[in-house]
Amino acid sequence: MKAKRRKVPKDHLVKKTPVQTWYTGKTIFVTGGSGFMGKVLLEKLLYSCSDLERIYVLMRPKRGKSPQTRIEDWLKLPVFKRIREEKPDVYKKLVPIPGDVTSDKLGISPEHERLLIDTAEIVFHCAATLKLEARLKDAIEMNTIGTKRILDLCLQMKRLKALLHLSTAFCYCDKEVLTEKVHDFHHNPYDLMRTVEWMDEKALDMITPNLLTPHPNTYTYSKRLAEMLVRDNYSKLRVCIVRPSIVCPANAEPVEGWVDSLNGPVGIMVAGGKGIIRSMLCNGEYNAEVIPVDLAINGLITIAYTLGQMEEMPKEIPVYNITCRETKRTTWKEVLDLGKATAYEYPFEAGVWYPDGDITMNKTYHTICVWLFHWLPAYLIDFLMFCFGQKRFMCRIQNMVTEGLSLLQFFTTRQWDFKSHQYQAIEKHLSPEDSVIFTMDVEAIETKDYLRRIILGGRQFCMKEPLSTLPKARIQLKCLYVLDKVAKAFVLYGLVWLFLTLTGLRAPLYEMLGWA
């Protein structure tokens with residue numbers, strides 16, 4: 001009788017790549033793990049570098065749930081689907097550390113602090129407030145002082161091999177060309193940190209506009225200050241700065257089109273696809289500086305590997321702009337045209353109006369369109385909801401859309417020239433196997449296919465509209481198309497009638513046509 005052959009785990013049959021080998025047995029500390037990029041980073045590390053020792057995630061209790069409960073709830077999310085189905089055991093390597101970057105010493109216990117100091121080898125600092133409209137005190141506390149607290153902890157770590165500080169490609173709004181280096185600034189981050197500690201919030205809000213210049217918001221301003229803190233500690237730490245551009249839904253992994261919020265371009269596409277946004281200030285000839293989240297995360301993982309492998313650190317702190325290559329840049333007009341065509345093919349449910357909005361650089365025309373096609377329908381819908389005794393919501397949504405568009409127009413009405421030579425050089429030094437597992441190849445992505453994934457991702461993961469509702473949504477879209485044409489015909493007739501009446505031409509014209 002033949003003995004049964006022992007089934008060898010699939011992972012052990014596959015030879016590890018250089019990146020996977022480097023991560024084997026490593027202990028990692030991650031901040032911002034609950035964010036959009038953070039979840040994808042954790043999933044990718046667990047899935048593709050499964051032999052790592054452990055990932056500690058800084059987490060605070062939320063909505064009455066403990067950090068451990070939150071971690072357990074994550075496994076149910078679509079982003080962790082392949083972990084759940086293929087490698088459920090590796091999820092045990094994800095361990096929460098109760099704390100908060102806005103608290104003194106990160107709010108972690110002495111025992112956890114000692115654990116991190118003794119064991120952590122790689123640190124991904126991704127925690128930040130992404131709210132462009134955040135008050136200065138909140139942005140400085142989270143993005144700048146929070147970074148200082150992470151640096152203080154990392155300076156004590158005995159086994160640290162790589163610290164990655166996640167910044168933004170837009171933190172130098174006064175530069176025409178954004179290179180991979182840290183530029184000086186006329187504000188001292190230490191002065192600002194002290195200021196927000198003692199100054200009254202109302203007084204701070206009053207001086208905020210003057211402080212921010214030339215920055216459009218507190219996010220880019222606080223991120224710029226944080227970069228200066230990181231640079232000041234470069235001589236004492238093996239650290240680098242990573243600057244992604246606008247991060248968008250996943251292209252291929254862990255799930256095509258995965259996204260967990262309506263921030264940025266996703267919100268615009270969803271609102272446009274539902275007919276809520278009809279006009280937007282944007283220069284169609286400028287480049288849309290976006291990057292899929294899975295490619296950005298692959299960049300983070302391989303950058304940490306590259307930093308940890310360096311025998312001798314460069315004189316200046318390494319900076320990596322995770323942005324599109326010059327040969328793969330797409331204009332906003334191309335995005336709009338392809339996005340509209342895709343939205344017609346894969347429409348959203350229960351649209352407010354037929355989605356045929358447009359972009360313009362004419363502020364007067366944009367203002368007229370906003371009043372006619374944003375606010376007028378919003379007031380009309382809310383009036384009808386009031387008449388039928390239903391809860392009014394449209395004006396509130398429109399107010400959020402208006403605020404969001406006003407914040408985004410700074411980025412859509414300027415041309416950005418990002419240089420990413422250091423980042424692109426990383427891929428050239430990867431093994432062929434690592435180039436596939438941790439792909440950063442934007443060139444391989446077909447723009448039309450990616451826009452389809454964005455819209456379907458926003459549809460399924462944000463709006464909770466399953467693909468099974470597409471036939472119904474297509475019928476609704478056809479009805480909205482007819483309604484749109486009829487409404488425009490009535491409006492046009494009304495305008496012509498008003499013009500003829502005011503000019504006294506109505507009676508002669510009617511008489512000539514025999515309508516008198």
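The values are calculated or read from the model by the stated rules, or taken from the named source; none is laboratory data. Note that the structure is a prediction, hence the values are computed from the model and not measured. Note: ideal-geometry Cβ built from the backbone for every residue, glycine included; neighbour counts use all protein chains shown. Side chains are part of the model used for accessible areas, which takes the heavy atoms of the whole protein and leaves out ligands, DNA and RNA. Shrake-Rupley method; radii C 1.70, N 1.55, O 1.52, S 1.80 Å.
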As straight-line cross-link partners of residue 236, the qualifying aspartates and glutamates (C-alpha separation under 18 Å, not fewer than 8 residues apart within one chain) are 118, 121, 152, 227, 311, 312, 316
A 1.4 Å probe over the protein heavy atoms gives segment 274-320 a carbon and sulfur accessible-area percentage of 44
Segment 26-244 accessible area per residue, 1.4 Å probe, protein heavy atoms, integer Å², reads 41
For segment 316-325, in residue order, the Karplus 3J(HN,Hα) values (coefficients 6.51, -1.76, 1.60; θ = phi - 60°; whole Hz; Gly and Pro = x) are 9, 4, x, 10, 10, 8, 7, 9, 5, 5
The set of residues whose placed amide H lies less than 5 Å from the amide H of residue 279, leaving out same-chain residues fewer than 5 positions away, is 358
One would report the antiparallel percent of DSSP beta bridges in segment 26-244, rounded to the nearest 5, as 5
Taking only the alpha carbons of the chain, the radius of gyration and the largest Cα-Cα distance, Dmax, both in angstrom, are 26.2, 107
Between residue 261 and residue 512, Cβ-based FRET efficiency (R0 41 Å, step 0.05) works out to 0.10
Simple spin-label estimate for residue 429/residue 472, 7 Å along Cα→Cβ, in nm, reads 5.4
From most to least accessible, 1.4 Å probe, no ligand or DNA/RNA atoms counted, 124, 388 line up as 388, 124
For residue 65, the aspartates and glutamates lying under 12 Å Cα to Cα, once residues fewer than eight places off in the same chain are dropped, come out as 73
Among GluC sites (Glu not before Pro) in segment 141-220, those in a DSSP loop whose Cβ has at most 15 other Cβ atoms within 10 Å are 176
Taking r as the C-beta separation of residue 200 and residue 69 and R0 as 25 Å, the FRET efficiency to the nearest 0.05 is 0.10
Length gained, residue 493-residue 51, 0.36 nm per residue minus C-alpha separation, equals 152.1 nm
In segment 26-244 the accessible area split gives carbon plus sulfur, as whole percent at 1.4 Å, a share of 50
Whole-Hz Karplus couplings 3J(HN,Hα) for segment 282-289, θ = phi - 60° and coefficients 6.51, -1.76, 1.60, Gly and Pro as x, run 6, 8, x, 8, 7, 6, 8, 8
Cross-link reach from residue 315 to aspartates and glutamates, straight Cα distance under 15 Å and at least 8 residues apart if same chain, gives 180, 232
Sequence order, segment 360-369: Karplus ³J(HN,Hα) from phi using 6.51 cos²θ - 1.76 cosθ + 1.60, θ = phi - 60°, Hz rounded, Gly and Pro as x, gives 7, 10, 8, 5, 5, 4, 4, 4, 4, 5
Sorted largest first, the C-alpha extents of segment 26-244 along its principal axes in whole angstrom are 52, 38, 36
In this structure, among 333/488; 202/223; 340/448; 131/363, pairs with alpha-carbon gaps over 18 Å are 333/488; 202/223; 131/363
Membrane-span-like helices (DSSP H runs, Cα span along own axis at least 30 Å, mean Kyte-Doolittle at least 1.0) in the chain -> 470-503
Segment 310-331 scanned against label point 7 Å out from residue 361 along Cα→C-beta; backbone N under 16 Å for 331
Farthest towards the positive end of the dipole of segment 26-244, among 134, 188, 71 and with Cβ unit charges of +1 on Lys and Arg and -1 on Asp and Glu, lies the Cα of 71
Taking only Cα atoms of segment 192-336, the Rg to Rh ratio with Kirkwood Rh works out at 1.03
Note on segment 26-244: contact order normalised by length, alpha-carbon pairs under 8 Å, 6 or more apart, percent, works out to 22
The relative contact order of the chain, taking Cα pairs under 8 Å that sit 6 or more residues apart, comes to a percentage of 16
Per the rule of 0.36 nm per residue minus the C-alpha distance, extending residue 482 to residue 327 adds in nm 51.7 nm
From the Cα centre of segment 439-496 to that of segment 189-261, the distance in Å is 34
On the formula 1/(1 + (r/R0)^6), with r taken between the Cβ atoms of residue 396 and residue 500 and R0 of 56 Å, the FRET efficiency rounded to 0.05 is 0.90
Judged on accessible area alone, 1.4 Å probe, highest first, 513, 132 line up as 513, 132
Taking alpha-carbon centroids only, segment 296-374 lies from segment 26-105 a number of Å equal to 27
For the table 15/93; 92/148; 274/464; 391/485, the rows whose alpha-carbon distance is greater than 25 Å are 92/148; 391/485
